[in-house]
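These notes are about the structure you will find just below.
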Amino acid sequence: MRAKGATNYAVGLAVANILEAILNDEQRVLPWSGCVDGFKGLKDVCLSLPRIVGRAGIDARCRFP
């Protein structure tokens, strides 16, 4: 069986981006997965949506029209 290649680097890069945003309190918009009860009428659904990430963790959900 042939390996896929260096896909593990993408996971490491994503973790590094999250940690950088938290440690430097960058208030960076990043995709974050979580339960979205009440978003656009959905219940019991988890989605990856843009969130503002900083030292306090996930500060806010980005607003959509």
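The values are calculated or read from the model by the stated rules, or taken from the named source; none is laboratory data. For clarity, every value in this text was computed on a predicted model and none was experimentally measured. Cβ placement follows ideal geometry from the backbone for every residue including glycine, while neighbour counts extend to all protein chains displayed.
Out of everything in the stretch 1-17 that is part of a loop (DSSP other than H, G, I, E, B) and either closer than 13 Å to I58 by Cβ or not charged (D, E, K, R) (or both), what residue ends up being modelled with the lowest pLDDT?
Among those residues, the one meeting the criterion is M1.
Kindly establish whether E20 is outside any helix (DSSP H, G or I) and at pLDDT 85 or above.
No.
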